[in-house]
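Colleague: Let me give you the structure first, and then I'll get to my questions.
The values are calculated or read from the model by the stated rules, or taken from the named source; none is laboratory data. A quick note: this is a predicted structure, and the numbers were derived from the prediction, not measured. Cβ: placed from backbone, ideal geometry, glycine included. Neighbour counts: every protein chain shown.
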């Protein structure tokens, strides 16, 4: 039996995704939804389970409509990478005496997000011109200041609401009881389908070429993911 490459990760459906060079053809959006609807934020240290996908849905509520698709997808890479919490990465940097580990992790996340975005386009708007460029643009938008600010705001609500031994007062964003994972996954998939079709409904929506000075024009990623803490 041939040994699998060490960088191959297996999804729920059985797909093998090479984390070193993810191929969008191997991405299954149902796998993404299923994994993130059951994966806990904050390493499970909350008063009730807080799935990554529930967090993503809240982030989408905190941005203008045109940025909601990017907000829903901003932690998509975690379906394969899990979450590298901020203190953990900071500890690695301290011991290495370098921010190289953060830049490597961010590059892996960006490449996965590009592949997820490309699969999203192929599934819901097949034949879109410049699909590869559009996928990179969408992955870059996931790291935009407006999405990052909403991510921080959602995290602040979560830190206040779900720590300290009991769920705090009711929130318009987070119910007291965790939603059923299947319901969260189904809702997320419906939302990303609708918003993908809306985003690319007109040929005029095709992205202009990336500015050569844009951080993502020449390198995978330079921004720090602001997901799970």
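Colleague: Just one of (1) closer than 29 Å to residue 21 by Cα; (2) touching a helix residue (DSSP H, G or I) at 6+ places or on another chain (Cβ under 7 Å); (3) in contact (Cβ under 8 Å) with a residue 40 or more places away in the chain trips up residue 132, so point out which.
Modeller: (3)
Colleague: Could I ask something else about it? Does residue 90 satisfy the criteria of being in a helix (DSSP H, G or I), out of contact with any helix residue (DSSP H, G or I) (no Cβ under 7 Å at 6 or more places or on another chain) and closer than 30 Å to residue 177 by Cβ?
Modeller: no
Colleague: What's the total number of residues in region 1-41 that are assigned to a strand (DSSP E or B) and in contact with a helix residue (DSSP H, G or I) (Cβ under 9 Å, 6 or more places away or on another chain)?
Modeller: 5
Colleague: Another one. Output the helices (runs of 4 or more DSSP H) that fall wholly within region 131-228 and possess 1 or more residues being under 16 Å from the mean Cα position of the chain (by Cα) and at pLDDT 95 or above, or say none.
Modeller: Passing ranges, in order: 131-141, 145-161, 181-199.
Colleague: Looking at 184, 147, which one is in contact with a strand residue (DSSP E or B) (Cβ under 8 Å, 6 or more places away or on another chain) and closer than 21 Å to residue 61 by Cβ? I'd like the intermediate steps shown before the answer.
Modeller: Numbers: 147 fails: in contact with a strand residue (DSSP E or B) (Cβ under 8 Å, 6 or more places away or on another chain).
Exactly one of 184, 147 is in contact with a strand residue (DSSP E or B) (Cβ under 8 Å, 6 or more places away or on another chain) and closer than 21 Å to residue 61 by Cβ, namely 184.
Colleague: Does any residue of region 58-65 turn out to be at pLDDT 95 or above, within 21 Å of residue 142 (Cα to Cα), surrounded by fewer than 16 Cβ atoms within 10 Å (Cβ to Cβ) and over 17 Å from the mean Cα position of the chain (by Cα)?
Modeller: The answer is yes, given that some residue of region 58-65 is at pLDDT 95 or above, within 21 Å of residue 142 (Cα to Cα), surrounded by fewer than 16 Cβ atoms within 10 Å (Cβ to Cβ) and over 17 Å from the mean Cα position of the chain (by Cα).
Colleague: Assigned to a helix (DSSP H, G or I), closer than 22 Å to residue 69 by Cβ and in contact with a strand residue (DSSP E or B) (Cβ under 9 Å, 6 or more places away or on another chain) - does that describe any residue in region 110-128?
Modeller: Yes, because at least one residue in region 110-128 is assigned to a helix (DSSP H, G or I), closer than 22 Å to residue 69 by Cβ and in contact with a strand residue (DSSP E or B) (Cβ under 9 Å, 6 or more places away or on another chain).
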